[in-house]
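To keep things clear, I will list the structure first and then write my remarks on it.
Values quoted throughout were computed directly from the atomic coordinates according to the rules given, and no laboratory measurement underlies them. Remember, it's a predicted structure, so these values are computed and weren't measured experimentally. No Cβ is skipped: glycine too gets one built from the backbone with ideal geometry, and neighbour counts run over all protein chains shown.
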Amino acid sequence: MFKRVLVANRGEIALRTIRACRELEVESVAVYSEADVDSMHVQLADQAVCIGPASSKESYLKMDRIFAAAEITGADAIHPGYGFLAENSRFAEICESSCITFIGPSAKIISLMGDKATARATALANGVPVTPGSEIMPDAETAFEQAKEIGFPVMIKATAGGGGRGMRPCFKAEDFIALFQAASSEAIVCFGNGSCYLEKLVLNPHHVEFQVLGDSHGNFCHLGERDCSMQRRNQKVIEECPSPLLTPELRARMGAASVNLIRNINYQNAGTIEYLVDDTGGNFYFMEMNTRIQVEHPVTEEVMGCDLIKEQIRIAAGQPISRHVLEVSPRGHSIECRINAEDPYNNFASSPGTIELWYAPGGKGVRVDTHVYSGYTVPPHYDSMIAKLIVTAATRELAVARMKRALGEFTIRGIKTSIPFQLEIISHPDFIRGTYDIGWVARFLDEHAK
Amino acid sequence: MDLQEIRRIVELMNEHGLTLFDLTKKDFHLKLKKGPDVDELRSLLASLPSAPAATTTAPAAVAPAVATPAVEGSEITSPMVGTFYLKIAPDAPPLVEVGATVSIGQTICIIEAMKVMNEIKAEQAGTITSIVAEDGSPVQYGDVLFRLK
């Protein structure tokens, strides 16, 4: 097992990782920007190193400073969390050549599956159905010709993209060139790579993703699915496990395809395969694979009774997947709401600032993952997510009631948050029935605007 | 108001070249004037609240803090993470010493990271008043390395 893990991230996931380290009796090193000096993860780590000013580009994305921090603290492993450098194959490669273990799959696998275009090709080659689409397009004009062949509507996707960024849906031919350029520019800013490819846009699909795990002892398994269809502009708002849409038969087919894929490419550590499922619930299409831990991993942990971050650390240290995880048996239903510092009634404008009062809900089946506390000042430089509220209950109906109760109890004064918006969604008949797709939030907001 | 806060005010005064700070609140009045001035000092001590036990020792400690400005000049902070060295080699002489004048672009220290010895250059000219970082110790981004005026 490692002696000391450097957590190359911030916010709630950094705290989550430090907690897992502590339970494994491994020391933790936090790295932080000057804007994050008061973050809880910095306070709770065994050691903390300041790596730059507020800007992510000058801190959390600065590979050389992160490695220097590992060097001066004697860290023997790095956990990249999600976002930032988590899916950066070069970062993983440098770890490998510096004899620091990267907690995740190999650089080779990250390149293969992290790149959206080659991932599609790999999925196809391994018998996983994919949506009709294209290779990387050299320029907007060539892409336009290809789009006409695929047939509108198409989704323009950045190959280095993730977290919903660098994506633009295009419904009309005349909007194509401008949207292609916008997607490419956003990708350059967020990921340093503006290359884009195209996919047929499946209308009103459901986003269903499978959690997978592989180790160095020949074990490959899946831990069921998460339904993440409740999205606003490709950013997930609410996630749940299991999906209200899947029949046992479809789950078995998708699970088998997922395990087959990771076994064939020898994928080690945790990963998530994202699929689109059509409205009839009969067809599923590979979308992309995230070669890292996901934000919404807690709902799987609650239903499957596992600790995914600890599994990641253990697998990276050469241990097999835990027995209780290999023999997992799902129990109950779990829902997560991403609590963001934004004003849902002012076009979701960011709401950074000082939290005067923070009272998080508690009680049976309630879990809150957060780095925030009363008196904390939410900095404006980063992602607006300040907490994850996860509830678990014996049935979906009970979980919905519990989420409603927990959201109602959650008190955050001083900034605006997404909580009232999530309360509206949770109370809506469509959510209660479990009949919602990726386009639901957009339609809901459109109706409200009228 | 405690000694830490008063020290911080003195630091800010130095940073911004102020010579007078005068604060009046409902229950007390604090005036900090730079430069030796015994009479002013006496009226300053008299004006501090004496009731709370914690602050009775403060007036005595405040006097030296005002008479000798705590920190002078500007700071050179670390632009990177690594190990700070004052010399380019163990047997070489130090790159700078207290009292040395430095010019813009002059190498003032080495920060080693990932086996690379990075030469850190002065971005302002001046005279080194103190070497804050310890030779051979790890430094973080933003840590004060030197003070100069």
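Rounded to the nearest 500 deg cm²/dmol, what is the calculated helix-only ellipticity per residue at 222 nm for chain A, with -39500 (n - 2.57) per DSSP H run of length n ≥ 4?
About -10500 deg cm²/dmol.
Which entries of A:Lys116/A:Lys310; B:Lys87/B:Lys115; A:Lys116/A:Lys416; B:Lys87/B:Lys121; A:Lys57/B:Lys87; A:Lys57/A:Lys388 show an alpha-carbon separation above 23 angstrom in the structure shown?
As for pairs spanning more than 23 Å Cα to Cα, those are A:Lys116/A:Lys310; A:Lys116/A:Lys416; A:Lys57/B:Lys87; A:Lys57/A:Lys388.
At most 12 other Cβ atoms within 10 Å and a DSSP loop assignment: could you name the trypsin sites (Lys or Arg not before Pro) in segment A:120-219 that fit?
Numbers: sites: A:Arg120, A:Lys148, A:Lys157, A:Arg165, A:Lys172, A:Lys200; in loops: A:Lys172.
The qualifying sites are A:Lys172.
For segment A:219-285 and segment A:320-362, write down the distance between their C-alpha centroids in whole Å.
20
As an exercise, use a Förster radius of 25 Å and the Cβ-Cβ distance of A:Thr411 and A:Thr435 to find the FRET efficiency, rounded to the nearest 0.05.
That gives a FRET efficiency of 0.20.
Apply the a/c threshold of 1.5 to the C-alpha gyration tensor of chain A and tell me whether it is rounded, prolate or oblate.
rounded
Once you have a ≥ b ≥ c as the square roots of the Cα gyration tensor eigenvalues for segment A:1-139, tell me rounded if a/c is under 1.5, and otherwise prolate or oblate according to whether a/b is larger than b/c.
Numbers: a/c = 2.22, a/b = 1.86, b/c = 1.20.
Cα axes put segment A:1-139 in the prolate bin.
If r is the Cβ-Cβ distance from A:Glu149 to A:Asn347 and R0 is 41 Å, what FRET efficiency results, to the nearest 0.05?
Step by step, r from the Cβ atoms, then E = 0.70.
Could I have the simple spin-label model distance between A:Arg323 and A:Ala54, label points 7 Å from Cα toward Cβ, reported in nm to one decimal?
That separation, rounded to one decimal, is 5.2 nm.
Please compute the modelled spin-label separation between A:His217 and A:Arg331, points set 7 Å along Cα→Cβ, answer in nm with one decimal.
2.3
Based on alpha-carbon centroids, what's the gap between segment A:174-197 and segment A:35-58 in Å, whole number please?
The two parts, judged by their Cα centres, are 31 Å apart.
Rank these for me by crowding, A:Tyr82, A:Tyr382, A:Tyr267, A:Tyr345, going from fewest to most other beta carbons within 10 Å.
In order of increasing Cβ crowding within 10 Å: A:Tyr345, A:Tyr82, A:Tyr382, A:Tyr267.
Once R0 is set to 35 Å, what does the formula 1/(1 + (r/R0)^6) return for the Cβ-Cβ distance between B:Glu11 and A:Glu96, expressed as a FRET efficiency to the nearest 0.05?
Details: r = 45 Å, r/R0 = 1.30.
According to the calculation, E is roughly 0.15.
State the extension gain, in nm to one decimal, for the chain segment bounded by B:Val144 and B:Thr19, taking 0.36 nm per residue of separation less the distance between their alpha-carbons.
Stretched fully, the B:Val144-B:Thr19 segment lengthens by 42.6 nm.
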